Amino acid sequence: MYLVGGAVRDKLLGLPVKDRDWVVVGATVEDMLEMGFQPVPGVFPVFIHPQTGEEYALARRETKTGPGYHGFSVETGPDVTLEQDLARRDLTINAMAEDERGTIIDPFGGRKDLQRRLLRHVTPAFAEDPVRLLRIARFSARFSSLGFHVAHETHGVMKEMAAAGELAHLQGQRIWQEMARALMEAQPWRFFQVLHACGALGRLFPVLASALPDSPGDENPEEDGEPIAVLKRAVTGKASLALRFVCIMQYAVDAGHPASQLTAWLAVEKKTATLFENWLLARPLLLDLPKGNARAYRQYLQRFRHCLPQLGQLAQICMPHLAEQLSPLLEQARAAMLSVDVAELQEQGLQGRFLGEELRRRQEQAIASVLRGSGEN
């Protein structure tokens, strides 16, 4: 039984080890069951240790049988070696193992690549799985702050993969799984830059790719572009996953690709999808507010009353200069609008349509007072 993958990598880097995965060589399914391991439903041949709850997988070989990341046959058995199992992994830094004595087994030079800060593919089989493009971009988002960069030869393979059409077989939900993890890494913008540099971003999100500057000719772009600059501000502000998603993906839609279509394809959670759609609706209204009147302010505050704090955060990240001007006004306008006493109007005998019309008139009157006091109107 060998400790493998990220646990070995992070231990050698001196980073906290969060998850420990194991590979079992020379065993059968029957052997694992006899030792008390519990099979993970639908994830053959992975088992759960009866005491630690950690995952133990039988060593396996993979053979490409069809397109996409599902197009593989998996072979296990006592004759599958540790090196064969490690050979099917994506990057050399993830293809190391540690035995019970603490000895590192490193057949593909992962330890040297850790020292050189290289993200390098293990074997040509890397090109068989389009998910690996997303994974290497995610690892770049995680480790770029430590000086890691994509190996030149790996970048070449990635360009070939992007051009070959394998990305067309990726499901949106699988893309979102990798993107969501990347967005919460130290430098999430690297996820998009790395995919853009090899041509994959243009296949997945062509509108976003068109908003980024062209790669300067290698796998490590240095220019930002507005989407990356906005995402960097989101990270500086410790924004949530939902806010980071909106910050970058607002550049991935245009009139021909509605937000609902994108979020449905990626299968993001409903709250995030709703925030995304609300921000795309709110953004042009915010841009027009400086020249708007009390009615425009009331309509904005009423329409987005359920997500005003989040929209305020997005405004500070995406349009900081405008937000600096508008945020205090919106807060004062909202307070003025809420100060109108509905109960008082009802006591005056107003109800139904007449109550609504008078409430709106008084709210706009209160907001207009705020705007006059600020010199806006």
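Model label sites at R101 and R353, defined 7 Å from Cα along the beta-carbon direction, differ in position by 9.0 nm.
Quote to one decimal, in nm, the extra length available between S327 and A267 on full extension: 0.36 nm per residue of separation minus the C-alpha distance between them.
Values: separation 60, 0.36 × 60 = 21.60 nm, distance 3.21 nm.
Length difference between fully extended and current span is 18.4 nm.
Each helix, a run of at least 4 DSSP H residues, gives -39500 (n - 2.57); summed and divided by the residues of the chain, these come to -16000 deg cm²/dmol at 222 nm.
Under 14 Å Cα-Cα from K238, which aspartates and glutamates qualify once same-chain neighbours fewer than 8 residues away are excluded? The qualifying aspartates and glutamates are E185. Each residue of the stretch 345-355 is assigned a 3J(HN,Hα), and the resulting list reads 5, 5, 5, 7, x, 7, 7, x, 4, 5, 5 Hz, derived from the Karplus form 6.51 cos²θ - 1.76 cosθ + 1.60 (θ = phi - 60°), x at Gly and Pro.
How large, in percent, is the carbon and sulfur part of the accessible surface of the stretch 9-50 at a probe radius of 1.4 Å? About 56 percent, which is the carbon plus sulfur part of the accessible surface. When the Gaussian network model of the chain links Cα atoms closer than 10 Å, the mean-square fluctuations of D224, D106, D341 top out at D341. For the chain, the longest principal axis of the alpha carbon atoms and the long axis of helix 189-198 meet at an angle near 60°.
Using DSSP to call loops (not H, G, I, E or B), can you name the GluC sites (Glu not before Pro) in the stretch 61-162 whose Cβ has at most 10 other Cβ atoms within 10 angstrom? Please report the intermediate quantities before stating the final value.
Details: sites: E62, E75, E83, E98, E100, E128, E153, E160; in loops: E100.
Filter output for the stretch 61-162: E100.
Amide H contacts of V46 (H built 1.01 Å from N, in plane; Pro and chain starts excluded): V40 sit under 5 Å, all sequence-distant by 5 or more or on other chains.
The candidate values were [x] 19.8; [y] 24.5; [z] 26.5; the one computed from these coordinates for mean projected area of the Cα convex hull in nm² carries the label [y].
Once both labels are positioned 7 Å from their Cα atoms along Cα-to-Cβ, the gap between Q51 and D10 label points is 2.3 nm. Bridging of K112 to lysines at a Cα separation below 22 Å is possible for K11, once same-chain residues fewer than 8 apart are set aside.
A 1.4 Å probe run over the chain, with the rest of the protein chains in place, finds 49 Å² accessible per residue. On the stretch 121-225, 47 percent of the accessible area sits on carbon and sulfur atoms, based on a 1.4 Å probe. Measuring r between the beta carbons of N293 and D254 and using R0 = 22 Å, the FRET efficiency lands at 0.15. Placing pseudo-labels 7 Å out from each Cα toward the beta carbon at M35 and Q346 gives an inter-label distance of 6.9 nm. Surface composition of the stretch 313-377: carbon plus sulfur atoms contribute 48% of the solvent-accessible area (1.4 Å probe, protein chains only, all chains present). Computed from backbone phi, the HN-Hα couplings of the stretch 114-127 come to 4, 5, 7, 6, 10, 9, 10, 6, 7, 9, x, 4, 3, 6 Hz, rounded to whole numbers (Karplus: 6.51 cos²θ - 1.76 cosθ + 1.60, θ = phi - 60°; Gly and Pro given as x).
The values are calculated or read from the model by the stated rules, or taken from the named source; none is laboratory data. All values derive from a computational prediction rather than experimental measurement. With ideal geometry, Cβ positions are generated from the backbone for all residues, glycine too; neighbour counts draw on all protein chains shown. Ligands, DNA and RNA are excluded from the accessible area calculation, which covers all protein heavy atoms including side chains. Shrake-Rupley method; radii C 1.70, N 1.55, O 1.52, S 1.80 Å.
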